[in-house]
1. For region 30-48, how many residues are aliphatic (A, V, I, L, M) and closer than 18 Å to S20 by Cβ?
2. Spot the failing condition for D56; the list is (1) more than 16 Å from G132 (Cα to Cα); (2) surrounded by fewer than 19 Cβ atoms within 10 Å (Cβ to Cβ), and only one is missed.
3. So which of S163, S183, S153 is in contact with a Phe, Trp or Tyr (Cβ under 8 Å, 6 or more places away or on another chain) and either at negative phi or at pLDDT 95 or above (or both)?
4. Mind checking which residues of region 78-87 are out of contact with any helix residue (DSSP H, G or I) (no Cβ under 6 Å at 6 or more places or on another chain) and among the hydrophobic types (A, V, I, L, M, F, W, C)?
5. Can you tell me how many residues in region 23-68 are more than 9 Å from the ligand (Cβ to nearest atom) and outside any helix (DSSP H, G or I)?
6. In region 1-22, which residue that is assigned to a helix (DSSP H, G or I) and surrounded by fewer than 17 Cβ atoms within 10 Å (Cβ to Cβ) is nearest to the chain's Cα centre (by Cα)?
7. Taking the options F139, F135, name whichever one is modelled with pLDDT of 95 or more and aromatic (F, W, Y).
8. For a quick check of your reading of the model, give me the residue pairs whose first member lies in region 1-22 and is within 15 Å of S173 (Cβ to Cβ) and more than 7 Å from the ligand (Cβ to nearest atom), whose second is of a type in the set (S, T, Y) and at pLDDT 95 or above, with beta-carbon atoms closer than 6 Å and at least 6 apart or on different chains.
Amino acid sequence: MNWNKAYIGTPPWDIGHSQSVFEALVKEGEIKPGRALDIGCGRGDNAIMLAINECDVAGIDIVEDAIKDAKAKAIKHHVNVNFVVGNVLQMDRLFMEAEFDFVIDSGLFDAMTDEERPVFAQQVHRVLKPGGKYFMLCFSEKEHKVYGLRQISIAEIELTFKSLFNIIYIKDSTFDTGVGPSSIKAYLMFAINN
Ligand code: SAH
């Protein structure tokens, strides 16, 4: 996937507002005011939603243009979010160990190759406090329309994260979409950092 190219227009995942799954986690009190990081934040809607709900938020994305747009959007919403350009696989260059209470991931784990997955898990583990919470939303193998996306099984998620996290649940969920069907089948994982 050429991420830079995707952001020349409006990529299909950029729905212009936050994902309802993460809004619900805030409403239910699963995500509370604290230090939060949105990995693969894109144009920043989920990060901004957390900031509006009184989290102290950082967002990281590899695409400079997406981060530029996210920064402008935060100003429009009168919130302060530390949006940075960077590679999630090299977050040791950007964030301290155990810096965050929460990490949210809306469609980034999906993008990792088999080789990248262990590094990815290690990087998320490193930035979270022990006992910190990781909420990850990814495309599910239960979605029959492929949309060119990699479809992930519960076993693969467990294999990637179980050595570094205590997986509380992996449950059926959905991504809201901007075009086509109103939602796509997804898995939501809640894991507590070891
Ligand atoms: N979370 C956003 C975007 C999801 S798409 C949303 O819900 O709208 C996945 C995002 O991850 C893209 O914005 C892409 O640029 C970013 N990304 C892909 N690989 C990355 C990497 N190695 N490090 C940081 N960001 C990455």
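The values are calculated or read from the model by the stated rules, or taken from the named source; none is laboratory data. Given the structure is predicted, the values throughout are model-derived calculations rather than measurements. Quick reminder, even Gly has a Cβ in these numbers, built from the backbone with ideal geometry, and neighbours come from all protein chains shown.
1. We begin by selecting, within region 30-48, every residue aliphatic (A, V, I, L, M); these are 31, 36-37, 39, 47-48.
Now drop any that are not closer than 18 Å to S20 by Cβ, which leaves 31, 36, 47-48.
Adding up the residues that qualify gives 4.
2. (1)
3. Being in contact with a Phe, Trp or Tyr (Cβ under 8 Å, 6 or more places away or on another chain) and either at negative phi or at pLDDT 95 or above (or both) holds for just one of S163, S183, S153, which is S183.
4. Within region 78-87, the first condition is being out of contact with any helix residue (DSSP H, G or I) (no Cβ under 6 Å at 6 or more places or on another chain), and the residues that meet it are 78, 80, 82, 84, 86-87.
V84, the sole residue that qualifies.
5. 16
6. The selected residue is S20.
7. Working: F139 fails: modelled with pLDDT of 95 or more.
Matching residue, one of F139, F135: F135.
8. V21/S173
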